[in-house]
1. Quickly run through segment 114-170 and pick out the residues that are on the phi > 0 side of the Ramachandran plot and surrounded by 24 or more Cβ atoms within 10 Å (Cβ to Cβ).
2. Farther than 26 Å from Val346 by Cα, in contact (Cβ under 8 Å) with a residue 12 or more places away in the chain and not aromatic (Phe, Trp, Tyr), is that true of Ile189?
3. Residues that are under 20 Å from the mean Cα position of the chain (by Cα) and closer than 21 Å to Phe376 by Cα, at least 1 per element: which strands (runs of 3 or more DSSP E) completely within segment 121-239 meet that?
4. Looking at (1) in contact with a Cys (Cβ under 6 Å, 6 or more places away or on another chain); (2) part of a loop (DSSP other than H, G, I, E, B); (3) of a type outside the set (Asp, Glu), which one does Arg110 not meet, given that it meets all the others?
5. When the residues of segment 313-357 are narrowed to those that are free of Cβ contacts under 8 Å to residues at least 60 places away in the same chain and in a helix (DSSP H, G or I), which ends up farthest from the chain's Cα centre (by Cα)?
6. Only residues that are out of contact with any Phe, Trp or Tyr (no Cβ under 8 Å at 6 or more places or on another chain) and buried (at least 21 other Cβ atoms within 10 Å of the Cβ): list them for segment 322-333, please.
7. Go through segment 7-55 residue by residue and tally those that are surrounded by fewer than 24 Cβ atoms within 10 Å (Cβ to Cβ), in contact with a strand residue (DSSP E or B) (Cβ under 7 Å, 6 or more places away or on another chain), without any contact (Cβ under 8 Å) to a residue 60 or more places away in the chain and under 16 Å from Val132 (Cα atoms).
8. Of all the residues that make up segment 62-103, how many are farther than 21 Å from Ser128 by Cα, among the hydroxyl-bearing types (Ser, Thr, Tyr) and in a loop (DSSP other than H, G, I, E, B)?
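The values are calculated or read from the model by the stated rules, or taken from the named source; none is laboratory data. Note that the structure is predicted; figures quoted are calculated from it, not measured. Here Cβ is always computed from backbone atoms with ideal geometry, including for glycine, and neighbour counts include all displayed protein chains.
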Amino acid sequence: MTEYITKICDNGNIAVDDTILVKDAQATAGSRILEGFKPLFSAEAVTRLENKGYTVSGKTSTGEFGLDLVGEFSYYAPQEGTLKGAAAELVAKGDVKAALGVDMNGATRRAAALSGVDFLKPTYGTVSRYGVISCAASGEQPGVYAKNADAIKEIMDVIAGHDDKDGTSLPEEKYDYTIGDVNGKKVCIVKELLDKADDETKAKVLAVAESLKADGVTVETVSLDIFDLANTAWQILMCAETCNNVSRYDGVKYGYRAEKYRNIDELYVNSRTEGFNFLTKTVILYGSDVLSKNRYKDCFDKSLRVRRVVSEKMAELFATYDAVLTPVCSKTAYKAYDIKDAFIKVFEESVFTCVPNLIGAPALVTKGVQFIGKNFSENTLLSLGAAAERKGE
């Protein structure tokens, strides 16, 4: 697996995945369609880190537009054998202190779990999306890979806060990432999600639950059957938004351009046919379908309504519990597979990760499992993660 697309600094301490812009470094989002594109500016999160003295070591490979499981279908670094996320692996090896990644459909969280590192997907709007190669704008959010909760806190303290350049940025200048005592906290395990995981993954969830109990956390099992519905809604919204956002890539102004074409229509068609992989084309076609006149009301509009229902159901749950403890993957390892099976595989695995993307809630992956919290509860999630990590040392 090729880890770097562009090497920037031999002793840099931050890696940046290839869906986030770094000035003058090639930015492709893992796609041939953006081959050779070099931005004139850096993402806001990158700029804030550099202003605080951090250095970018390089751009890490990512799956085309972040649509796959963990980054396996990058045009520049396709994977074979056991699948791993490039940024997560660099953090796991200790080559960098932390890495930035964009969580759109759970790929970053799955990658963190499989590599044994932490990843925080923060509350939507708390970290600027300025400089992100956007696909599903209503649910994608830059987050942080690191080896532990303390390292994530350090980076989040730098990158979080209002940015005038991002229309989705929330007004607060600072957020609370204090890691504190978890005694008295209440956590629930959702039976329907636990039942979808294999025995090894279930054991990880239950082991974390037991370690939290030893710290005074109440852990209970609950039944909540909204996750399949939430997954369907998010996949519809994600495909529709991606279809719209990638329509800008046509081979005319930048990126890949087909060599053979006779007119402007063929330039568009040939460039996009050759530039996108099979999974991206599938997402585009499905997104076009759910946005069509005959399907818009039954698919896209209904998914927006489901988003509200899921948000209300989760709010009811968080009225009783401080966090939800769930698997983040159905298994502890993925093997290479045919890209023609990717759409279904990603859909099936996204049932574990879809809710934070759908409703903008924060989620923390640690010890191979996931904590989901209510908006702005990152301090609680990091505290729970730190407690679980201490017990695992």
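1. Let us first name the residues in segment 114-170 that are on the phi > 0 side of the Ramachandran plot, namely 116, 125, 131, 161.
Selection gives Gly131 alone.
2. Working: farther than 26 Å from Val346 by Cα: no; in contact (Cβ under 8 Å) with a residue 12 or more places away in the chain: yes; not aromatic (Phe, Trp, Tyr): yes.
No, not satisfied.
3. Details: elements: 141-146, 186-190, 218-222.
By residue number, 141-146.
4. (2)
5. Here the residue is Glu316.
6. The initial filter retains those residues of segment 322-333 that are out of contact with any Phe, Trp or Tyr (no Cβ under 8 Å at 6 or more places or on another chain), namely 322, 331-333.
Hit for segment 322-333 is Asp322, nothing else.
7. Result for segment 7-55: 2.
8. 3
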